[in-house]
Amino acid sequence: MTDARADIFANIRRSLGVTGNEATRRMEVADRVARAPRGVIPQRGQVADEARVALFRAQAEAVQATTVAVDSVADVPAAVANYLRDHNLPATIRMGGDLRLTAMPWGDTALELKHGPSDGNDLNAVSHSLCAIAETGTLVMTAGPDNPTTLNFLPDNHIVIVNARDLVGDMEEAWSKVRIAYGKGEMPRVVNFITGPSRSADIGQTMLLGAHGPRSLHVIVVKG
Amino acid sequence: MTAHATSPQFKANATRALADPNLQAALLKMRTGFIDRRAAAVDRLPEFDALRDSARDIKNHTLAHLDLYLEEYERNVRAAGGQVHFARDAEEARRIVLDLCRRYDAKTAAKGKSMISEEIGLNQAMEAAGVAPVETDLGEYIIQLRNEPPSHIIAPAVHINPEQVEADFRRVHTHLDPARDLHEPTQLLTEARQVLRRKYFEADIGITGANFLIAETGSSVIVTNEGNGDLSQTLPKAHIVLASIEKLVPTLEDASQILRVLARSATGQEMSVYTTVSTGPRRQSDPDGPGAYHVVLLDNGRSAMLGTQFQDMLRCIRCGACMNHCPVYHAVGGHAYGWVYPGPMGAVLTPSLIGVDKGGQLPNASTFCGRCESVCPMKIPLPKMMRHWREREFERHLTPAAVRYGLGLWSFFARRPALYRLATRAAMGTLSLAGRARGRFRWLPLAGGWTKYRDFPAPQGDTFQARWRKERGGRA
Ligand code: SF4
């Protein structure tokens, strides 16, 4: 039997009428991959500072996330505790090893902390996002020990911290942040773009929240 | 062999569909829902049309350089520790997946939604090999319980109502209290969530599709609302991505452009809830994620579409907008098309993928009203390509005589007034029962040319014909 890979490449090249050795085609492809040009960027996200924070929060809330803004990282643990209390949730949270999270004054609250990935038995998780996109109210999470992927999906309630200075206008700007953090062409194992809590419209064509992922998504924006 | 096709029996399928009151009620509901939500989302983004052009140009460029982007993609998957397997056809793809199942000693597989899995008939092959496939997308789970194919590419169970789901759950979830309350859709959702939670943890491998493959980084992208694809790929030992070769785009930026038109066209959302970009298996420092990452790249007739008048079809991002706006789909639903891909995109793609002898009827299932092309985010000239198929079919003399003399499936409906009456009556009854009558239809399945220019008054209560008979009968 001939090689499937070779056959498929031969078919593609025959159909396109090319050999694969054309220098101009190769250059075009190498150039596009290297430059990664941006296309049409919607105006909506192109606002700065306070307006960007406001847009992000409005967009996230439009897709049933809840948001709150706090003045500094020192205020985050209390904001988490308040959220859990207001929703009658147990005062337990799980988080990864992100230093931005672990350095917060959790001791000022009565919260019980667990660390590491989730085995499915956690009600509440806290993660720190790499950045967030104002255009669509989207959180950008990167996998690794700092913020394990399972925390994004298994717990019922997901609380995500984002710094106001990490808010970007659009997805293209988010990719710039990923490239600064990881290097061009290098990727974290997973980048999760999260826009609101989990939902499904597969029963009776009605949108219902809490399908397989978190039933609630709460975003704490740190201004300072 | 790909998944079994009943496309040659389109007319018989359509007849059954028209007489199915549950289906007709579901189709009436989806018609307004999908269309209104898409229109609202498009209105909110002034750059939508410019993004459509951008998306079309990206795909055209990629297809013209597909061999080179595939090489780049493959290189980068390997660099990230993943493996790429090429499959010329459905059988080869199934064999690769089954070999991987054996390699990981898999008893069960958690599956995210994948049209390629449907195309290659993977579930049947896995079952035959003793591996239990568990569909985790709620719609796919429901149709798996019912042993049915999907009827829509993004809403596979759109033809099923909550009462039917309740009956299926009671039939299959026998470990749960038979007296439990399931009359609310949220209760059904909660039950599915609990049942499937266990399955993710039991699964040895996770299988997902891919909305995009990114050459620059060797990444695969899935887009979901439920989070099921993410759990399917994160928890098991190995992640297998099923994708066809035209899913490629050059860069992350290019995927971002197309993502902006995808969710809006599909569900009217600005972004789906979860857009996940995956690159290779779990790394040394990772506390979670799959230990292995495989991509099965399927051709199955696509490379032969390049360079032909059907190349444009390879831009399709499977958003479903063409079927959501299609009067023929609205009349008969997805199953009538008889294979994996329904609606206008299916009418063009099916003959390309399974042959004109099996799929050649479908390009006739059109009123040529042009709505599909006008909403397609990738600006695919669907009616033109359906016409190409009709011409080819004519030349091959595969066409039934009626079609050769200028009558199509359109006339099949028009020539059966009794059938049409039955279908509309069933639909009206449900409409007024549900209290959703909006007074007017913006178009009717079988009179596209006419209602394109004027609204058709929706009968209040009975159909006109039924009322006429009743009133005359009362007087007599
Ligand atoms: S043909 Fe166009 S509208 Fe239809 S599914 Fe494909 S991209 Fe969407």
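Which whole number gives the average, over all residues in B:248-254, of C-beta atoms from other chains lying within 10 Å of the residue C-beta?
What the average comes to for B:248-254 is 6.
With every protein chain present, what is the per residue accessible area of segment B:34-303 (1.4 Å probe, Å²)?
Values: 8090 Å² over 270 residues.
Accessible area per residue, segment B:34-303: 30 Å².
Once the other residues with Cβ under 13 Å from the Cβ of B:G289 are scored (Lys, Arg +1; Asp, Glu -1), what is the net sum?
+1
Excluding ligands, DNA and RNA, what is the accessible area buried between chains B and A, summed over both sides, using a 1.4 Å probe, to the nearest 100 Å²?
About 7300 Å² of accessible surface is lost on pairing.
Just to compare against my own numbers: the Cα pair-distance distribution for segment A:49-222, 5 Å bins, whole % per bin, please.
Reading the bins upward from 0: 2, 9, 18, 22, 22, 16, 9, 3, 1, 0.
Bin width 5 Å, alpha-carbon pairs only: give the P(r) of segment A:1-111 as whole percents, running from 0 to the bin holding the largest distance.
For segment A:1-111, the pair-distance distribution reads 2, 8, 10, 11, 11, 9, 7, 6, 6, 9, 8, 8, 5, 1.
What does the accessible area per residue of segment A:30-111 come to in Å², with a 1.4 Å probe and no ligands, DNA or RNA counted?
About 52 Å² of surface per residue is accessible.
What residues qualify as long-range amide H neighbours of B:D288, i.e. H under 5 Å apart, gap of 5 or more or another chain, H built at 1.01 Å from N?
Under 5 Å from the amide H of B:D288: A:T149.
Can you tell me the relative contact order of segment A:49-222? Whole percent, Cα pairs under 8 Å, sequence separation 6 or more. All intermediate terms of the calculation are to be shown ahead of the outcome.
Details: 371 pairs, mean separation 48.8, N = 174.
RCO, segment A:49-222: 28 percent.
Using a Förster distance of 60 Å, how high is the FRET efficiency between A:E22 and A:D71, based on the Cβ-Cβ distance and rounded to 0.05?
That gives a FRET efficiency of 0.55.
Mind listing the long-range amide H neighbours of A:H115? Cut-off is under 5 Å, sequence gap 5 or more, other chains count too, H placed in the peptide plane at 1.01 Å from N.
For A:H115, the qualifying residues are A:M95.
May I ask you to give the average projected area over all directions of the convex hull of the Cα atoms of segment B:34-303, in nm² rounded to one decimal?
Details: hull surface 60.2 nm².
Result: a mean projected hull area of 15.0 nm².
Within segment A:202-224, whose backbone N sits under 15 Å from a point 7 Å along Cα→Cβ of B:E184?
Under 15 Å, as judged by backbone N against the label point of B:E184, lie A:207-211 of segment A:202-224.
Would you give the gap between the C-alpha center of segment B:28-65 and the C-alpha center of segment B:98-113, rounded to a whole Å?
Distance between centres, Cα-based: 35 Å.
Evaluate peptide B:221-233: per residue, the Cβ atoms of other protein chains within 10 Å of its Cβ; return the mean as an integer.
6
Could you compute the FRET efficiency for B:D49 and A:H115, with r as their C-beta to C-beta distance and R0 at 51 Å, rounded to 0.05?
Approximately 0.60, to the nearest 0.05.
Just need the Rg to Rh number for the protein assembly as shown, please, alpha carbons only, Kirkwood Rh.
So for the protein assembly as shown, dividing Rg by the Kirkwood Rh gives 0.97.
Give the peptides B:117-125, A:37-45 in descending order of average Cβ contacts within 10 Å, highest first. Show your work: numbers first, answer last.
Values: B:117-125: 22.2, A:37-45: 17.4.
Ranked from most to least packed, the peptides come out as B:117-125, A:37-45.
Output wanted: per-residue J couplings in Hz (rounded whole) for segment A:66-73, from phi through Karplus 6.51 cos²θ - 1.76 cosθ + 1.60, θ = phi - 60°, x for Gly and Pro.
Calculated HN-Hα couplings, in order: 10, 9, 8, 10, 10, 6, 8, 4 Hz.
Can you compute 3J(HN,Hα) from phi for each residue in segment B:245-255, using the Karplus curve 6.51 cos²θ - 1.76 cosθ + 1.60 with θ = phi - 60°, rounded to whole Hz and x for Gly and Pro?
Values per residue, Gly and Pro as x: 5, 7, 6, 5, 9, x, 9, 4, 5, 5, 4 Hz.
Out of the GluC sites (Glu not before Pro) in segment A:1-82, which ones are loop residues according to DSSP with at most 16 other C-beta atoms within 10 Å?
Qualifying residues, ordered by number: A:E22.
Restricting to DSSP H runs of at least four residues, report the calculated mean residue ellipticity at 222 nm for chain A, -39500 (n - 2.57) per run over all residues, nearest 500 deg cm²/dmol.
Working: 7 runs with 71 residues, N = 224.
Taken over chain A, the calculation gives -9500 deg cm²/dmol.
Give the carbon-plus-sulfur fraction of the accessible surface of the protein assembly as shown in %, rounded to a whole number; probe 1.4 Å, heavy atoms of protein chains only.
Carbon and sulfur together cover 53 percent of it.
Binned at 10 Å from 0, what are the whole-percent values of the Cα-Cα distance distribution for segment B:1-114, short to long?
Percent of pairs per bin, in order: 9, 17, 25, 32, 17, 1.
Counting only protein heavy atoms, probe 1.4 Å: which residues of segment B:86-108 lose 10 Å² or more of accessible surface in the full assembly compared with their chain by itself?
Those are B:F86, B:R88, B:E92, B:R95, which lose 10 Å² or more relative to the chain on its own.
List the trypsin sites (Lys or Arg not before Pro) within segment B:62-156 that DSSP assigns to loop and that have no more than 16 neighbouring Cβ atoms inside 10 Å.
Here the sparse-neighbourhood loop sites are B:K107.
Working out 0.36 nm times the residue gap between B:F201 and B:D89, then minus their Cα-Cα distance, what length gain in nm do you get to one decimal?
37.2 nm
Beyond 12 Å, what share of the Cα-Cα pairs of segment B:91-138 remains, rounded to the nearest whole percent?
On the way: 677 of 1128 pairs.
Distances greater than 12 Å cover 60 percent of the Cα pairs.
Inside 10 Å of the C-beta atoms of A:137-149, what's the mean count of C-beta atoms belonging to other chains?
Mean inter-chain Cβ contacts per residue within 10 Å come to 4.
Give the average over all directions of the projected area of the C-alpha convex hull of segment A:129-217, one decimal, in nm².
6.4 nm²
With r defined as the distance between the Cβ atoms of B:K384 and B:H4 and R0 fixed at 41 Å, what FRET efficiency is calculated, to the nearest 0.05?
Details: r = 29 Å, r/R0 = 0.72.
The value I calculate is 0.90.
Check the protein assembly as shown for me: any Cys whose beta-carbon has no other cysteine beta-carbon within less than 4.7 Å?
Lone cysteines by the Cβ rule: A:C131, B:C101, B:C316, B:C319, B:C326, B:C369, B:C376.
What spacing in nm lies between the two simple spin-label points modelled at B:A40 and B:E163, each 7 Å away from Cα in the Cβ direction?
So the two model labels end up 2.8 nm from each other.
Karplus couplings for segment B:258-275 from phi (6.51 cos²θ - 1.76 cosθ + 1.60, θ = phi - 60°), rounded to Hz, Gly and Pro as x?
Couplings: 6, 4, 5, 9, 5, 5, 4, 6, 7, 10, x, 7, 6, 9, 5, 5, 10, 10 Hz.
The values are calculated or read from the model by the stated rules, or taken from the named source; none is laboratory data. Computed from a prediction, not measured in an experiment: that's the story for all the values here. Counting neighbours? That spans all protein chains shown, and the Cβs are built from the backbone with ideal geometry, glycine included. Side chains included, ligands, DNA and RNA excluded: accessible areas come from the protein's heavy atoms. Shrake-Rupley method; radii C 1.70, N 1.55, O 1.52, S 1.80 Å.
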